[in-house]
Structures are given as structure tokens and as C-alpha cells.
């Protein structure tokens, strides 16, 4: 009966009005779909690693960077990279990872920024809220695009223990171009890279959010080896690219090659000793060299 009454009301109306009324009814009955975010692969919260437990870890095959104060180095094995996390600055000291063509694929950027469950409960867990309205990007150390062979690996790069505050013009400018360069190296046949990146900080750095320190610059060191080579195979002829880029206004107008420097200079600026598994005599040659990009 109700259906007959609705039809009667529509009788005599212009066709265009009837069609419009039907369209409204259909829209009201339609099921609205919303995008479903990709699931975040679980991370086992087994806690920090130790120097001994990282022995033989491929991501730090050239040595675990160390300084004179191990109390602010919480070592985290994230599987596809290793991090030294600083609970005083609430961000990483450095991240280290291996890179070759096997890590590169077609997986889309996961964009799942989140706290790291591996951190001890006593340590503040940084979230994206700490960056809200700060004027800084969530800048990756181990880049998302360096881990595109599978969704789980890509997702792990979005743990906040792999992130530092970077001005957008650095993050989307010379820092991104440097990341592209390292992937171009990794795509060459038979090439295997060992990379370490981190921040350089003032004695009393500015901060955002919950006391997340802002680095005055970011550094990256890239060692270019042949596939299967390890620390014992590094020689004075091994290509090593060392770069420091300032985290300051105007950096977007610079090329990443403007920041080429020596590993020795980065060690002085950070206090960390790199390439610890490499013969000291070879270290002396490699770490003093500047401008090895080619």
C-alpha cells in the first residue's frame, strides 16, 4: 500500500523530477566504502640488543659504531636495520643497514609512523604527535625506499626510533637526493652497500614535542663493496662516501655533493668510531679521504 502511495505521488511529475527523486533514494541506500589501511606487521617486543647479540649481524658487518659513553646507546635490532637509540634525546644516535638490489622492489610506502615496542618501558616512546605543528618533517635515517622488497620491511622503517626532526627542505631536498644516489649504487650489478646515518647535535640542542632533540645537521656514510664482501675485504681502494648536510634554512638550495666530507670529520663531530671491524691501517686511509662520490 505504501509503495502504491509513493507511485501515486510521483505520477504526473516531470520525468526529470522523478529521476532525481529516485537517485536520492538510491544514494541513501548505497553502502559507503572507506579505504582500509594496510595492516602493520607485528614487531616482537623482545627489548634492546647487546653488542654480543649483534655479533655477525649483516646490517652492521663493518662494525657497530661506538663512543665513549655507552649509557645513551640503546641498541635495537629491527631486522632490516640496526639502531642506536638515545633516551636522553628521544631519538636515534645512528641507524646502520646493508643495501643491495635484493632489498629493492615495488612495494608502496607504508606510511605507518608509530612508537617502537622494542624500547624499554622506562624510555619515552616518541609518537607522531611530538612532531605536530613543529615545523619539522619526520625524517628517516634508513629510508622507506631502501626497503621495498616486501611490506613488512618497508613498515619497519616507520618506527619512530628510525626518525629524526628534519626541515622539509632538507628531507625533500638534498637528503632525498642522497638517498636516491645510494639506491642507484645498490642497483649496479654485484654491488653491496653498508650505510650508517645519524644526527650531529649541539651541546644543548633545541627540541620539539616531548623533548625530542633537533639535530643541527645529518650525516651519512656509504661504503661500496662487492657482493659477499665483509670487513676483511675492505681495502684502501674501497669507495666510501661521507656527507654532512645542515638542518637549517637554505639547505634546499644546496646539492648533496656540497656536503661531502671525510669519515674522520664525522667522527670528530659525533664522537662515534666507525668501521671498527676494518683493519686500522685501512681505516686510516679510508677515513681521511674526501670526495669519493662517483
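Every read-out reported here was derived from the displayed coordinates using simple, explicitly stated rules and does not represent laboratory data. What you see is a predicted model, and the numbers here were worked out from it, not measured in a lab. Every residue, glycine as well, gets a Cβ built from its backbone with ideal geometry; the counts of neighbours run over all protein chains shown.
Per residue and in cubic angstrom, what volume does the convex hull of the Cα atoms of segment 216-294 have?
In segment 216-294, the Cα convex hull volume per residue is 92 Å³.
Provide the packing ranking of 181-188, 135-142, 120-127, i.e. peptides ordered by the mean count of other C-beta atoms within 10 Å per residue, highest first.
135-142, 181-188, 120-127
Using a 10 Å cut-off on Cβ atoms, rank the peptides 54-61, 194-201, 164-171, 271-278 from the highest mean neighbour count down.
Result, highest mean Cβ count within 10 Å first: 194-201, 164-171, 271-278, 54-61.
Within 10 Å of each residue's Cβ, count the other Cβ atoms and sort 222, 163 from fewest upward. Present the calculation step by step, with values, prior to reporting the outcome.
On the way: 222 22, 163 25.
With the sparsest Cβ surroundings first, the list reads 222, 163.
Take the alpha-carbon centre of segment 253-288, take the same for segment 104-137, and report the distance between them in whole Å.
28 Å
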